[in-house]
Amino acid sequence: MRKARVLPLLIAAAVFATSIGLAACGDDNGGGNAKFDLTIGDIVPLTGDLSDFGPPGRKAADLAVQQIKKAIQQGNLDQTVKVQHEDEQTDPQASVSAARKLVDAGASCIAGAWASADTIPTAKSVSIREKVLQISPASTAASIADLADDGFLARTAPPDTLQAKALADHIDQALGGAQGKTVNMGARNDFYGSGLADAFPKEWQARGGQIGQKVVYDPKQPSYNSEAQKISSGNPDAFVIVDFPETFAKVGPALTRTGNWDPKKTFITDGLASSDLPSSVGSQVTEGMRGTSVGTFDTPASKAFGTLYTSAPGPKRQTFDAQNFDAVMLCYLAAVAAGSSNGDDMKGELEKVSGPPGKKYSWQQLPGAVKALQDGDDIDYDGATGPVDLDKNGDPSKWIYNIVRFKNDKLETVRTVQPKAGEE
C-alpha cells in the first residue's frame, strides 16, 4: 500500500518538473532549435505608379533570403526559407489579390505592400483575417499607426508626420525663413498624398508660413492642365508636390506648360525620390527640384548593404530597397524567435527582435543572432537601414531622412536630418 501511494506522487512530481522545464523553454528561451518551413511573400510594385521602386525592392528581398540561407547552412539548422514575389501593380485590388495568392501558397509573413493605399486594404482584407504578419517597407501614411491590426501590421519606414517636419524645416532653411512665405501645394488623392496634404500645411503654418493653393487631384485622371494652372498661380515662394512617378509624368509637363512653374522652386517628398525620374519625365521638369526621402543611417551595416547590393547583378539602388531587405530579415528573425512560422506566433516576437534591450547583431552577424535566439537570449537587429527599433504600433522609433536634389539628371543626397517627434 505504501509503495502504491509513493508511485503516484513520484509521477506527479516528474510531470510537474517537466511542465516547469517546458515553461522555461517558452518566452525566456526563444525558439530553441525548432524546425520550421517559412515562406515569405514579397509584394512589390513591378508595374504602376511606383514601378521605379519595385525591381530594386525585389532584388533586395532576394539578397536578404540569400543571407538567411547562408546562416541556415552555417548553423546546420533544420529550417527552410523561400521568398515568392507578386506584383502589387500600385493598385489596391491587385495588392489584395497578390496577398491572397501568397497566403494560399503558404506565406505566413509578407514584406509589402508599398503604397499606403495598397497596404491598408491588404492588411484589412488578408493579413489581419488570415493572421499573417505583414511588414511594409515603404508605406508612410500616418493613418497606418492607428489601424486596428491586432499586431499583424508593421513597417520599416517612418510615418509622414515626421517627413512633413523634415520638409518644412528644409524649405524654411532654403527660403531664409518661413515667416510670411507662401507655398502652393499639389498632392495625389490617396492615403499618402492626402496625409501629407494635411500634415505639411500644419508644419509650415506653425513656422509662420502661409499656404496659397492646395490642390488634391485624382491620380487616375487623363490630364492635369486645370490642376497645374491652380498649383502654379499666385507667384508663391515655393511649390510642394506629393506624387508618384507615373502620375507625375503627366502632372510635371502640365506644370511646365503653364509658364508659371519653376522646378528650382519645387520641393518633393519620397514618392518622387526616384533616380529614374529625369529619364521618365524629362530633365526640364526635374532639374533643380529638391526635397526629402526616407534615408538610412550611416552605420557599418548600412554601408555593407550598399556594397552587397551594388556588387550583385540587377537594377541599381533606389529609395526603400534597404527597407525591404530589413522587412524580409525581420520576417525570418521573428520566426526564429517564435520557433514557429505561424504568423500569430511571430507577431509577438517582432518588436523584441527589432530593438533593445538585447545584444545588437547586424545583418552580417545573422548566424550569431540566430544562435542567440535559440539559446534564449534577446537580440537587437541592426539592419540595412541601421537601427529599426519597432515600437508597440509597429513603427520605427528611430528614423532619418535624406535631403535630396536633382542635379544634372541625377538624384543626389545633400545631407541627412532627424526631425524629432512632437517637435514644433
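The values are calculated or read from the model by the stated rules, or taken from the named source; none is laboratory data. None of these values were measured; they are calculated from a predicted model. A quick note on method: Cβ atoms are made from the backbone with ideal geometry, for glycine too, and the neighbour counts reach across all protein chains shown. Ligands, DNA and RNA are stripped out before the accessible areas are found, and what is left, the full protein with its side chains, is counted by its heavy atoms. Shrake-Rupley method; radii C 1.70, N 1.55, O 1.52, S 1.80 Å.
Applying the criterion of being assigned to a strand (DSSP E or B) and β-branched (Val, Ile, Thr) to the residues of segment 69-126, the residue that is farthest from the chain's Cα centre (by Cα) is 80.
Residue 155 versus (1) over 17 Å from the mean Cα position of the chain (by Cα); (2) open to solvent by less than 10 Å² (accessible area, probe 1.4 Å); (3) of a type in the set (Lys, Arg): which is the lone unmet condition? That leaves (1) as the condition not met.
Just a yes or no: is a residue in segment 211-223 within 30 Å of residue 383 (Cα to Cα), of a type in the set (Asp, Glu) and modelled with pLDDT of 95 or more? Checking segment 211-223: not a single residue is within 30 Å of residue 383 (Cα to Cα), of a type in the set (Asp, Glu) and modelled with pLDDT of 95 or more. Note on segment 202-221: residues that are in a helix (DSSP H, G or I), open to solvent by 10 Å² or more (accessible area, probe 1.4 Å) and without any contact (Cβ under 8 Å) to a residue 60 or more places away in the chain total 3. Condition (residue is on the phi > 0 side of the Ramachandran plot and out of contact with any strand residue (DSSP E or B) (no Cβ under 8 Å at 6 or more places or on another chain)) applied to segment 115-132: is it met by at least one residue? Yes, segment 115-132 contains a residue that is on the phi > 0 side of the Ramachandran plot and out of contact with any strand residue (DSSP E or B) (no Cβ under 8 Å at 6 or more places or on another chain). A residue that is farther than 24 Å from residue 417 by Cα and outside any helix (DSSP H, G or I) occurs nowhere in segment 238-251.
Among the residues examined, residue 322 qualifies as at pLDDT 95 or above, on the phi < 0 side of the Ramachandran plot and either out of contact with any Gly (no Cβ under 7 Å at 6 or more places or on another chain) or in a loop (DSSP other than H, G, I, E, B) (or both). So for segment 87-99 (the condition being modelled with pLDDT under 95 and acidic (Asp, Glu)), does at least one residue qualify? No, that holds for no residue. Out of 326, 409, one residue alone is in contact with a Ser or Thr (Cβ under 8 Å, 6 or more places away or on another chain), touching a residue at least 60 places away in the same chain (Cβ under 8 Å), over 22 Å from residue 112 (Cβ atoms) and not hydrophobic (A, V, I, L, M, F, W, C). It is 409. Within segment 114-142, the residues that satisfy the criterion of being under 15 Å from residue 102 (Cβ atoms), open to solvent by less than 10 Å² (accessible area, probe 1.4 Å) and of a type in the set (Gly, Ala, Ser) are 123, 127, 136.
Quick check, is residue 400 in contact with a strand residue (DSSP E or B) (Cβ under 7 Å, 6 or more places away or on another chain) and under 17 Å from residue 300 (Cα atoms)? It is true that residue 400 is in contact with a strand residue (DSSP E or B) (Cβ under 7 Å, 6 or more places away or on another chain) and under 17 Å from residue 300 (Cα atoms). Scanning segment 94-113 for residues that are in contact (Cβ under 8 Å) with a residue 24 or more places away in the chain and either open to solvent by 50 Å² or more (accessible area, probe 1.4 Å) or among the acidic types (Asp, Glu) (or both) yields one hit, 100.
Checked against the criterion of being touching a residue at least 24 places away in the same chain (Cβ under 8 Å), of a type in the set (Lys, Arg), open to solvent by 30 Å² or more (accessible area, probe 1.4 Å) and closer than 30 Å to residue 278 by Cα, the candidates 371, 316, 352 yield just one match: 316. Determine whether residue 145 is under 25 Å from residue 385 (Cβ atoms), in a helix (DSSP H, G or I) and open to solvent by less than 10 Å² (accessible area, probe 1.4 Å). For residue 145, the condition - under 25 Å from residue 385 (Cβ atoms), in a helix (DSSP H, G or I) and open to solvent by less than 10 Å² (accessible area, probe 1.4 Å) - is not met. Counting only strands (runs of 3 or more DSSP E) that sit wholly inside segment 357-424, those with at least 1 residues that are farther than 24 Å from residue 61 by Cβ and at pLDDT 95 or above are 359-362, 401-407, 410-417.
Would segment 281-298 turn up any residue that is assigned to a helix (DSSP H, G or I), open to solvent by 20 Å² or more (accessible area, probe 1.4 Å) and over 25 Å from residue 378 (Cα atoms)? Yes, there is a match, as at least one residue in segment 281-298 is assigned to a helix (DSSP H, G or I), open to solvent by 20 Å² or more (accessible area, probe 1.4 Å) and over 25 Å from residue 378 (Cα atoms). Can residue 243 be described as surrounded by fewer than 16 Cβ atoms within 10 Å (Cβ to Cβ), among the charged types (D, E, K, R) and closer than 24 Å to residue 143 by Cα? The answer is no for residue 243. All of (1) open to solvent by less than 20 Å² (accessible area, probe 1.4 Å); (2) touching a residue at least 40 places away in the same chain (Cβ under 8 Å); (3) of a type in the set (Ser, Thr, Tyr) hold for residue 233 with one exception: (1). Residue pairs whose Cβ atoms lie under 8 Å apart, separated by 6 or more positions or on different chains, with the first residue in segment 165-178 and in contact (Cβ under 8 Å) with a residue 60 or more places away in the chain and the second open to solvent by 20 Å² or more (accessible area, probe 1.4 Å) and assigned to a helix (DSSP H, G or I), are 165/203; 167/203. Screening residue 418 against (1) touching a residue at least 12 places away in the same chain (Cβ under 8 Å); (2) among the polar types (S, T, N, Q); (3) surrounded by 14 or more Cβ atoms within 10 Å (Cβ to Cβ) leaves a single unmet condition, (3). Restricting attention to segment 279-302 and to residues that are of a type in the set (Ser, Thr, Tyr) and under 9 Å from residue 386 (Cβ atoms), the residue that is nearest to the chain's Cα centre (by Cα) turns out to be 296.
When 186, 193 are checked against the criterion of being in contact (Cβ under 8 Å) with a residue 40 or more places away in the chain, open to solvent by less than 10 Å² (accessible area, probe 1.4 Å), on the phi < 0 side of the Ramachandran plot and assigned to a helix (DSSP H, G or I), a single residue qualifies: 193.
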